[in-house]
Every structure is written in C-alpha cells, then in structure tokens.
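A.B. asks: I have a structure here, written as structure tokens, and I will follow up with some questions on it.
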Amino acid sequence: MNRVCSPYFDPDFDTLAERINGPKCRVTIDNESLENCTVVKIDSVNKQGLLLEVVQVLTDMNLIILKGYISSDAGWFMDVFHVKDELGNKVTNQRVINYIQQAIGANREGMQKSKTGSRNFFKYESPPEPTAIEMTGRDRPGLFSEISAALADLHCNVVEAHAWSHNARLACVVYISEESTDTPIDHNRLTAIEDHLTTVLRATTAQSTNEENVKQQEVKTAYGINHEGEGTVTDIERRLHQLMLSVRDFESPSKPISSPRKGSPILIDSSDHKEEKMLSVCIENCDEKGYSIVSVQCKDRRRLMFDTVCTLTDMQYVIFHASVDSRGGYAFQEYFIRHVDGYAMSTESEKERVIKCLEAAIERRVCEGIRLELCANNRVGLLSDITRVLRENGLAVVRADIATEGERARNIFYLRDISGNNIDMKFVKSMKTEMGEIDVAVNNESTKKTTTTTTTMTPSSMTRVSSFRSLGDLMKSQFEKLSHNFIAI
C-alpha cells in the first residue's frame, strides 16, 4: 500500500506576519489625553480611498471632527482625529466605540462577512428591498413637487428619498415600491416610470432646452446603493455628490444685467456673494516634492471634511498628507494631493476646475431659509401632498430627506422663498390645516448663519497666509504631533 504524504502547514503561519509586525490596522480610541474631546488614532496599511472610508465611518456616527492630521506616504496610513459627539461631548458610548474600531479596524472584514451571513440566513424573512431610481437635471421651482406628484399618479409608494438642489441643478435618489403590495417594481413598469419621470424633468422652458441641457435630464435605475444592509447615509450622500458633479453644478448660472454706467450688458453670478466671501479655495504646487497643495478656508459645519475628501477622491486625486482644524466657527483644511497617475496639477484650467468643484461641494449643504421637519402617519401620496402645499406657498425645496419607519413617515426639508424674500411662517398653519394630524418643527437656518458670523473672525482674516509654506514645514509640524500619539511600528 502506497503512502501519500502531504506537506504540513502550521495553522498559525497565516497570522505570523501580524504577530511579528502588528495588525494591518490598529484603531485606538483615547478619552484620557484631552479634556474636551476624544482622540481617534488609526495606523494601517495604506490603500486608495482609505481616508474617505475612515471619514465616512466617523460621519455616519454623527461625530464632529475638530482637528485631523493625516499622513499616508510610503505605503502606511497614519491618522489622528479629535472628535466630539453631536451634543459636543466626548465619545463614551461603548457601542459607538466598538463600532468605530470594528468598521475601521482589522475586524472590518469579519464584521462584513457576519453581516452578509446574517442577511443570507434571514433572507426569506426580510422584506424585499425597494427599487432605487436616480434623477438628475436642471432644477426649477416646484420640480420636486412635480416628481412627487408623478410618482403618486403612477401608484408608487415612496419608501425613502434624498434630493439636493444647487446652482439650478437637481440630483435625487428615490426608493419606491408598488402601492398595493409594497413589493419591488417589475422591469416593464419600471421602464414606463422612468420614461414618465424623464418627461417631467424635461418639461422646461424653450430657452433652456438646448442639447447639453437635455443630456443632463436623466432618470435611471440605481444599482449598488442598497436601502438596507451595508448601505449608509454617507453612501447616498456620496452618490448625490457624484450626480451633482455629473450635471456640472459647479458652473454657476449667470444672467445678463445692465451696467449702471455704460449700459452694456454684463454677466453676474446669481449665487450669494456674501457666502462666497466666506469661502476660499486655493491651489499651489510644491514642485520639490511633486504635490499640489489645496487650501480650504470657510465657515465650519458638520460633514465638511466628508464633502471635501469625497470630492477629491471622486475626481481621482490621492490625498497623501492633510491637516484640518476648526476654531472660532471657521474651518481650515490643507491637502497634499496628486492625481492617480502620480502627477501634480500641471495646468491652470485643471486647478480652476478643482477649485470650482470643491466650492460647489461645500455650498451644496448651505441653506439660506428654514429647516422643516414633519412627522405623520405614512400613506401613499403623503409626500406629494406635502410638497404641493410648499409649492403653493411659494417655497422651493433646496434639500430633502424622506424616510419611513414602520407606520410613520419623517420628512425633512430645507426651504427658501422662491422670490428671495423672508419666509412667511403662516405656511405652517396652512400645512396643518391641509394635512390634518401632523407634527411640525421649524428651525431658521438663516438665523443660525447670522449667529455664526458674529464671531471674532472677519472675512479679511480668511485671506491669511497659510502657516504651512512648504511640505517640509508641514511634515515637521505633523510628525512632531504624531510622535506623541502613535505607537512605534
């Protein structure tokens, strides 16, 4: 009898490198070093897009990033973030801490496999996922209301919806199901729905129906964005950023006016000049090290770092080093980047495009009006009725986030007056009269904005000279700080 021998493999061999060199990703949550915030430290093997993944995790947990130091050169990724929760306190909830460590750290793959296994195990008990539809095009007053009415007329139940409007462009992601059965839409009916919505988007005035604008009016089924499972809020928001970029919302709509002196027509930007003064994006090249240095200075707000990092990543730029800071109600961000081809920006046109895209990404969340939150018993056509009342009161939807939780629907709208006047709050009474039993909460975003601008910072201070004049100065400053926070590798 012939003996068959096979080589012996030590079961611990696969983890030998990790036991010698440490884990591929180490996440540390430190609540002891600083009095007023939590320090999140990440040491990891680098890969393209890892910084965005980390920022997405922190953003999904509604954490406020106060400071950040990023270095991802030589194949290794080192980050330090100073964060607070949405109430301005340290992150002490152990469930949140565990999630951050698992989502970013070495257990991420295992967690994802566990999620996938759970979904497969319960797949016969879980409700079917709704169908996602993406819409992009030229915006106009009442367009979101028209879309909502069209879906109601087509007997579609809106399960969830997210919409952004900026510079007369609209991007929208809507999850729909059949009205009667609450099941996904079949392919044939979905095609008819897409055609009808395309007609609604293209029903614009004759002067704006040129070929380029028609191409921007698009409705299509969205694949890869799950309503449940691994999909997160930032996944949808990143997709909205991509959709807005595809319709070139970074190009501000302009309109001709008469010069007060010569009477010759000139073009002015229809965007808010006051807001524009508070936002500064500039790019310079560091020829010695081959980086392009992107500096962003603007009023601080939540999700700001996610918006800038998301935009640079989607424009195919790699962030090698970065420093972000927030103080006095203002944010200062500096990124050392190269294109994925390994080169810095070489032309002024490329720099100008990146500047415009970053400005647009920052401005998309800015609202000059009010934030309206409505909670009501969910029913088919509810969104259509709400948006109709808003339109009849002369209100335009700047942003919208619609969600259903069981029998209740939660609708959040960011609104402004179509004519540019202050919003008459009498519309709330009209809303309650029209909708019946409904919970309404209103926040004045303009008032918040005014309060923010009364800090000691002035617009002129936004033009300060950057403290990092060269890559060497930045790296020296960064590693002095990092050396006190990172464990030797």
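The values are calculated or read from the model by the stated rules, or taken from the named source; none is laboratory data. Just so we're clear, the structure is a prediction, and the values are computed from it rather than from any experiment. No Cβ is skipped: glycine too gets one built from the backbone with ideal geometry, and neighbour counts run over all protein chains shown. Quick note on the areas: whole protein, heavy atoms, side chains included, nothing else; ligands and nucleic acids left out. Shrake-Rupley method; radii C 1.70, N 1.55, O 1.52, S 1.80 Å.
A.B. asks: So for segment 59-67 (the condition being at pLDDT 75 or above, within 25 Å of Thr308 (Cα to Cα) and part of a helix (DSSP H, G or I)), does at least one residue qualify?
C.D. replies: yes
A.B. asks: Okay, next question. Here's a check for you: in segment 39-74, which residue that is free of Cβ contacts under 8 Å to residues at least 40 places away in the same chain and out of contact with any Lys or Arg (no Cβ under 9 Å at 6 or more places or on another chain) is nearest to Arg301 (Cα to Cα)?
C.D. replies: Here the answer is Met61.
Residue-by-condition table, conditions (1) of a type in the set (A, V, I, L, M); (2) in contact with a Lys or Arg (Cβ under 9 Å, 6 or more places away or on another chain):
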residue: Ile362; (1), (2): yes, yes
residue: Cys367; (1), (2): no, yes
residue: Leu374; (1), (2): yes, yes
residue: Asn377; (1), (2): no, yes
residue: Ser384; (1), (2): no, no
residue: Asn393; (1), (2): no, yes
residue: Ala403; (1), (2): yes, yes
residue: Gly406; (1), (2): no, no
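A.B. asks: Given the options Asn411, Asn422, name the one that is under 30 Å from Arg364 (Cα atoms), in a strand (DSSP E or B) and either open to solvent by 90 Å² or more (accessible area, probe 1.4 Å) or modelled with pLDDT of 80 or more (or both).
C.D. replies: Asn411
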